[in-house]
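Asks: Just passing along the structure, written as structure tokens.
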Amino acid sequence: VWKVRYNLRDQLIMTGGSDSKVVLLNVASLASTDPVTEDEEEEEKENEQGKNEMREGVLEEYDKHEDSVYSVAWSSADPWLFASLSNDGRLVLNKVSKEIKFSIIL
């Protein structure tokens, strides 16, 4: 892994490395949320029954490069848009999929 970038949406991390892939990860357990009491936590669990919770770990892998990805960056204008740059000379723009986006914001 050459580069790691944290998204301002607070739970997405993107990496680029020598395997020529850009990897999008979910780290919701590390998100900066307010501490919750045990009672509030139990209440939240009851309210969230039936909701699809997004899993932690690798969400997507993007393999549009043919050589090492040495830089990745999130857009400052659109929190769901990101770019990657590799030794093959390609600058690739991608968006977080709608499924992932909606599971985070809804």
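Asks: Are there any pairs, at least 6 apart or on different chains, whose C-beta atoms fall under 8 Å, with the first in the range 67-83 and under 17 Å from residue 17 (Cβ atoms) and of a type in the set (D, E, K, R) and the second in a strand (DSSP E or B) and open to solvent by less than 40 Å² (accessible area, probe 1.4 Å), and if so, which?
Replies: Cβ pairs passing all conditions: 67/86.
Asks: Report yes if some residue within the range 86-105 is open to solvent by 50 Å² or more (accessible area, probe 1.4 Å), at pLDDT 90 or above, assigned to a loop (DSSP other than H, G, I, E, B) and not charged (D, E, K, R); otherwise report no.
Replies: The answer is yes, given that some residue of the range 86-105 is open to solvent by 50 Å² or more (accessible area, probe 1.4 Å), at pLDDT 90 or above, assigned to a loop (DSSP other than H, G, I, E, B) and not charged (D, E, K, R).
Asks: A follow-up question, please. Quick check on my filter: what residues within the range 65-85 are of a type in the set (S, T, N, Q) and either open to solvent by less than 50 Å² (accessible area, probe 1.4 Å) or within 22 Å of residue 1 (Cβ to Cβ) (or both)?
Replies: 68, 71, 75, 84
The values are calculated or read from the model by the stated rules, or taken from the named source; none is laboratory data. This is a predicted model, so every value here is computed, not measured. In this analysis, Cβ positions are derived from the backbone assuming ideal geometry, glycine residues included, and neighbour counts consider all displayed protein chains. Please note that ligands, DNA and RNA were not included when accessible areas were found on the heavy atoms of the full protein model with its side chains. Shrake-Rupley method; radii C 1.70, N 1.55, O 1.52, S 1.80 Å.
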